[in-house]
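Let me begin by presenting the structure, written as structure tokens, before commenting on it.
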Amino acid sequence: MTRAIALADIRAARERIANKIERTPTVLSQSLSDRAGHPVHLKLEHHQTTGAFKLRGASNAIAALSPEEKSRGVVAASTGNHGRALAHAAKLEGMRAVICMSKLVPKNKLDAIRRLGADVRVVGDSQDDAQHDVDRLVAEEGLVMLPPFDHPDIVAGQGTLGLEIMEQVPNAACVLVPLSGGGLAAGVAAAVKGVSPGTKIIGISMARGAAMKASLDAGRPVQVEELPTLADSLGGGIGLDNRLTFAMCRELLDDVILLSEDEIAGGIRHAYEQEREIVEGAGAVAIGALLAGKVKTSGPTVLILSGRNIDMSLHRRIVCGESSGRERAA
Ligand SMILES: *Cc1c(COP(=O)(O)O)cnc(C)c1O
């Protein structure tokens, strides 16, 4: 196993990426605070460049490459936002980027990555299929693989979000983090608990294909079937040979909550109607969990809104109440 990421790694990452990412705002949500009976803050990370936090890890990992590695170019499997972040960060460096995606990835995300000049390959029906293509490109073309979560520089980069939270809400008692492969949750938990050991970190996943939750329950990385979900950015496994994020999540997460598709849709709707924010399914799960009464919080709580790259016609159907996401998931 790779050494766990600690506060010092995350502080170093922040120095490295300071001029490549936005420091996103944290705002108080009056409606959620009224409902919860204590302050609820929203970390508006969906306003990050490329529309998701993934630019933090991608920028940090690319900055850490040697000149020789940079000349070879990078490759990754992605549900969309990591690929977009990597394409953006590679373009700034004048590097080649190849992104392998499954057919489950929404077209709006695919198009956005192509527009950034990356070479996009659509292969197979799952993240695992896409990963096979990545492995082939590493072997045959010498590209450097930068995976979406299970990599020290990626986790340290995502952790910079946790440092910002502790500066913006120093008395945070609880942080709700969208959870898939656990790069975000591991990095944020290491940063937050590094500064404030008593602060609770709760991961939120969709019930449809929650690989990290199943793995934590089993005590080792396990495979789950990847299913279509409104929280498409949370799809995919954690890797049976997971080196870093599984162990860190096991050590650092206080709880993991699963949401139905209706509850995710409720989060998207609330974000739009009450907070005037457009978020994608994965970015809405923290709000959804609070609204569903699935997390018992006391004291100042921070919800991470992690991304906004939703297909706008789907968003329209959800906020008009025409879709709970079920027909998409069918
Ligand atoms: C990737 C992603 C997540 C999950 O991050 P992990 O590091 O894989 O746990 C959550 N929200 C959005 C918008 C994402 O793109």
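Coordinate-derived values only; no laboratory data. As the structure is a computational prediction, the values presented were derived from the model and not from experiment. Cβ: placed from backbone, ideal geometry, glycine included. Neighbour counts: every protein chain shown.
If you take the alpha carbon atoms of region 1-69 and fit the smallest convex hull around them, that volume is 144 Å³ per residue. Couplings for region 13-30, taken from phi via the Karplus curve 6.51 cos²θ - 1.76 cosθ + 1.60 with θ = phi - 60°, read 4, 4, 4, 5, 9, 3, 9, 10, 10, 8, 7, 7, x, 10, 10, 7, 9, 5 Hz in order; Gly and Pro are left as x. Taking Cβ atoms as reference points and 10 Å as the exclusive limit, the residues near M101 contribute a net charge of +1, counting Lys and Arg as +1 and Asp and Glu as -1. Extension gain for the segment E68 to K296, taken as residue separation times 0.36 nm less the Cα-Cα distance, is 77.1 nm to one decimal. GNM on the chain, alpha-carbon springs under 10 angstrom: the most fluctuating residue among A271, A85, A12 is A12.
Straight-distance candidates among the aspartates and glutamates for linking to K43, with alpha-carbon spacing under 13 Å and chain neighbours fewer than 8 residues away dropped: E22, E164, E167, E275, E277. Taking label points 7 Å from Cα along the Cα-to-Cβ direction, E22 and V122 give a separation of 2.9 nm. The base-10 log of I(q)/I(0) for region 147-220, evaluated at q = 0.26, 0.28 Å⁻¹, reads -1.17, -1.24 [Debye formula, identical scatterers on Cα atoms, solvent excluded].
For the chain, the fraction of alpha-carbon pairs lying more than 39 Å apart is 5 percent, rounded to a whole number.
Using Cβ point charges alone (K and R +1, D and E -1), the dipole size of the chain about the Cα centre works out to roughly 540 debye. Under 5 Å between amide hydrogens, built in the peptide plane, is the criterion, and for V75 it picks out V98, V144, M145, L146 among residues at least 5 positions away or on other chains.
When peptides 63-71, 149-157, 129-137 are ranked by their average number of other Cβ atoms within 10 Å per residue, the highest-first order is 149-157, 129-137, 63-71. The average projected area of region 211-330, computed from the convex hull of its Cα atoms over all directions, is 8.0 nm². Gyration tensor over the Cα atoms of region 55-145: the corresponding equivalent ellipsoid has semi-axes (square roots of 5 times the eigenvalues, largest first) of 20, 15, 10 Å.
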